[in-house]
1. Nearest 0.05, what FRET efficiency do residue B:453 and residue A:2 give at R0 = 51 Å with Cβ-Cβ as r?
2. If you find the alpha carbon centre of segment B:146-223 and of segment B:241-279, how far apart are they in angstrom?
3. Which residues' amide hydrogens lie under 5 Å from the amide hydrogen of residue B:225, considering only partners 5 or more residues apart or on another chain, with H built in the peptide plane?
4. How far, in degrees from 0 to 90, does helix B:30-40 lean away from the longest principal axis of the Cα atoms of chain B, to the nearest 10?
5. Going by C-beta contacts inside 10 Å, put B:349, B:233 in order with the fewest on the left.
6. Charges on Cβ only, +1 for Lys and Arg, -1 for Asp and Glu, centred on the Cα centroid of the protein assembly as shown; of B:65, B:405, B:48, which one is farthest towards the dipole's positive end?
7. Can you figure out the FRET efficiency of residue B:468 with residue B:351, using R₀ = 35 Å and their beta-carbon distance, to the nearest 0.05?
8. Enter the angle in degrees (range 0 to 90, nearest 10) between the Cα long axis of helix B:448-469 and the first principal axis of the Cα atoms of chain B, meaning the one along which they spread out most.
Amino acid sequence: MLQKTAKLVSLLSLLALITPSLCFLAGFGNLPQIKWIMLTATIVWFITAPMYMWKNNSNS
Amino acid sequence: MSTEEFSQQKSDKGSEFEREPVPQSSLLWFKSFVGMYAGEHCAGTELMIGPLFVAAGVGAFDLVAGLIVGNALAVLSWMVLCAPIATRARLTLYYQLEKICGRKLVTLYNLANGVMFCFLAGAMITVSATAAGVWFKFPMPGLSDLYPNSASWVLAVLVIGALISIVAAYGYQTVAKFANIAAPWMVLVFLAFGLIGLGQFITETCTEIHSLSDVWQLAETQIWKGGQPLEGKVKFTFWHVTFFAWFCNMAMHIGMSDLSVFRFARKSWYAVASGAGMYVGHFMAWLSASILYAYQLHLNPENTDVLPGPLAYKAAGIAGLLCVIIAGWTTANPTIYRAGLAFQAIVPKTSRFTVTLITGGIATVAGMFPAFAMKLLEFVALYGLLLMPMGAIVFVDFWLVKKFGLQSNYAEISGKAFNWAAGLTWFITLGVCGWLVQTGRVQIYFVSLPGWFVAALLYVLLSMVYQRKIRPVIGK
C-alpha cells in the first residue's frame, strides 16, 4: 500500500515538475513561482521514488 | 537498468561472463535496453554540447535536421554494425579484441580508452563545478579559457572531483542505483529548460505565436540564427551537426564498445533502443541547453561564457542547479569507474579501490582545465576517432576475413600476444587521419568516416602479409 501511494505521489511530482514550464511557455505564471514549484516537485520525487525504485533496482 | 547492472548478470561460477559467451538464461528483454540508453545519454555534458552548437553559429534547420539525421545514423550504426556481432559472439569487446589482437595490444587499447575516459570524466566534473560557482560566486572560466583562471575554481573542482572519486571507489553501486532514480526527473528538468527558454524568448521578443510556423520563425530569426561562429570556434553546418551526432558515441557503436552491452540482447534489433538515448539526450537535451545559451547571448551578446550552472539556475532555480550537479555526478561516476577498470586490466594486482581513486585524481586534475569542456565538440570527435579503428578491425575480422582466405581471431589461434596486422592498422589509420586533419584536408568531425574504410582495407591487406608470415599454431 505504501509503495503504491509512493508511486502515485512520485508520478504526480513529475507532473508538477513539467506542468509549470508548459504553462510558462503558454504565457501563464511567473518564473520565480515556477522555480519554487519545480524545487518542491524535485524534493517530493527524491523522497517518494526511492521508496519503490531503490528496491526494484536491487532486484534487477 | 544501467550498463553496470548488465555486467552484474552472473554465471553459476560467479563470473560476469568476461571470458565466456553469455548463455541463453542470462539474456535480457528489450525494455532493459531502453531504460539503460535513455538514462545514460542524458548526461551533464549535454549541457555543454548544446551551447557549443550555438557558439559555432549553427542555423535552426541545420541543427534540427542535422540532429534528426545524425542520431538516426547513430542508431543504425548500433543496429547494423555492433548488435549483430554482439548477439552472435556474445562476448565483451575486450575478450573479442584479445582473441583478434592479442593480450598486449588490448592492454594498449585499455590504456588509450582509460585516458580518454579520464578526460571525459574531467569535463563532467567541470560541468558540476560550474554549479558550485553559482553558490559561492567565484570567477569561472570563459569560452576561450584553456587553463584554470582562479584558485577558487581549482579548489571547487578539487573538492567536487575528490567527492566523486571517493564515492566511485567506495559506493559505486549505490550511485548507479541513485542515477536510475534520478533519470526520469533529470529528463523532465532538461525538457523544462527548453520550454522555459522558449517561453523567455517569446516574452522577450514579443513574438505572437499562433502556429508551429511562428515557433519555427522564432527559432530561425532569434534562437539559432546561423551566421558567424564566436571567436575561435569552427562554423557548424548541417553536415557538421549530422556527423557530430553520428560520431559522438562512435566508440560505442562503430568502435564496438557496446558489444559488452548487446551480448545480453535476445535479438540484434534491440539496438533500436539506443534511439531512446539519442532522441532524449542528444536531441531534446541538446536543443534545450542550446536555447538557454542562445537566450543568454540574446540578452547580452558580450556574455559568451558557456557555464551550465548559471544557465540552469537562471532558467529553473535550485532544481536546475541540482540537475547540473546530479547530471555531472551520476555520469562522471560510471566514467571514472570504467576508466578504473580499463587501467586495472593493465595492472591487475592493484585493487579496484586504489585504481579508481587514482583514476578519479587524474580526472579531477583534467577537470581543472576548462579546455576539455570548452573544446568538448573537438574532444568527443577525437575520442571516437581514437577507438574507431579497433571497431573496424572487429567488424572485418568477424564478417570478412574468412572470405579472403584468412583466419579470424588470429591472435588466439596463433598464440601471439600482439597481432601486428591489427596494431599497424590502428597506428597507420590514426596517422592518416591525423595527417588529413593537420593539413586541413578534412575536419576532425568528418575524418572518422574515411578513416573507417582505411582501417578496414589496411587490416585485410596487412593480415594477408602477416598471416602468411606467422603460421597458426593449430595449423601446424
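1. 0.30
2. If you average the Cα positions of each part, the centres end up 23 Å apart.
3. Residues meeting the amide H criterion: none.
4. 50
5. Final ranking by Cβ density, sparse to dense: B:349, B:233.
6. B:405
7. The computed FRET efficiency comes out at 0.20.
8. 10
Where a number appears in this text, it was derived from the coordinates with a stated rule and is not lab data. Computed from a predicted structure; not experimentally measured. Neighbour counts run over all protein chains shown; Cβ positions are idealised from the backbone, glycine included.
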